[in-house]
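Working notes for the structure below.
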Amino acid sequence: MKILVLAIGKTDEQWVQEALLIYSKRLQHYLPFEFEVISDLKNTKNLSEAQQKEKEKALILKKINPTDKVVMLDEKGKEYRSVEFAKHLQQHMNSGVKRLVFIIGVPYGFSPELYTKAQGKLALSKMTFSHQIIRPFFVEQLYRAMTIIKNKPYHHE
């Protein structure tokens with residue numbers, strides 16, 4: 001199984017980029033992994049919230065294949081403890097999913113069509129995090145899940 005994480009907009013914070021790179025490299029030891037940044041929308045000052053969602057939806061849909069399993073990172077999603085998330089990820093791996101795509105939320109949330117396209121929603125916390133911080137935070141959780149699955153000593157109970 002391959003994992004793709006999609007996020008809209010680059011980050012200018014060097015430390016966020018470095019943390020993302022560290023955990024992306026570690027994760028690739030366990031399975032094919034890609035983190036893809038979709039360019040920010042241009043000239044959004046004249047766009048309504050709904051128009052921005054539609055434009056972001058179009059950009060995201062270009063990156064998704066019909067056979068992909070899509071999971072939205074969303075504050076209304078299901079929350080897991082790390083061990084539970086590892087079991088959930090293992091179920092996807094066992095089910096024969098070829099590519100699992102996680103989409104990091106955008107400031108106004110997703111368009112209704114994207115929500116219906118997704119097969120799941122995942123919340124990382126009841127707290128709110130910036131769209132920049134969540135990137136390395138989530139990739140670290142993917143890495144942690146893989147170490148749990150492989151019985152490596154990274155995670156301690």
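The values are calculated or read from the model by the stated rules, or taken from the named source; none is laboratory data. Predicted model only: the values in this text are computed from it and were never measured. Note: ideal-geometry Cβ built from the backbone for every residue, glycine included; neighbour counts use all protein chains shown. Protein only, heavy atoms only, side chains kept; ligands, DNA and RNA dropped before computing areas. Shrake-Rupley method; radii C 1.70, N 1.55, O 1.52, S 1.80 Å.
Structure summary
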read-out	value
All lysines inside 24 Å of Lys87 as judged from Cα atoms, apart from same-chain residues fewer than 8 positions distant	Lys2, Lys25, Lys69, Lys76, Lys78, Lys98, Lys117, Lys121, Lys126, Lys150, Lys152
FRET efficiency for Asn65 and His88, using Cβ-Cβ distance with R0 set to 35 Å, rounded to 0.05	0.95
Between the range 90-153 and the range 1-79, the Cα center-to-center distance that results, in Å	10
Estimated vicinal HN-Hα couplings, Hz - the range 125-141 in sequence order (Karplus 6.51, -1.76, 1.60; Gly, Pro = x)	5, 7, 7, 9, 10, 5, 5, 7, 4, 5, 4, x, 4, 6, 5, 4, 5
For the chain, alpha-carbon Rg relative to the globular expectation (2.2 N^0.38 Å, N residues)	1.03
Helix axis angle, 82-94 relative to the chain longest principal axis, alpha carbon, degrees	90
Sparsely packed trypsin sites (Lys or Arg not before Pro) within the range 53-102, loop by DSSP, other Cβ within 10 Å at most 14	Lys62, Lys63, Arg81, Lys98
Candidate aspartates and glutamates - alpha carbon under 19 Å from Lys42, same-chain residues fewer than 8 apart omitted	Asp12, Glu54, Glu56
Chain lengthening between Glu54 and Val37 when straightened (0.36 nm per residue, less Cα-Cα)	4.4 nm
Computed [θ] at 222 nm, helices only, for the chain once each DSSP H run of length n ≥ 4 contributes -39500 (n - 2.57)	-12500 deg cm²/dmol
Surface accessible to a 1.4 Å probe, per residue, for the residues of the chain, Å²	59
Within a Gaussian network of the chain (alpha carbon springs, distance under 10 Å), most fluctuating of Gln91, Gln52, Gln14	Gln14
FRET efficiency, 1/(1 + (r/R0)^6) with R0 30 Å, evaluated for Ile22 and Thr116 via beta carbons	0.30
Per-residue HN-Hα couplings for the range 97-113 [Karplus 6.51, -1.76, 1.60; θ = phi - 60°; Hz; x = Gly/Pro]	4, 7, 9, 9, 10, 9, 10, 7, x, 10, x, 9, x, 9, 5, x, 5
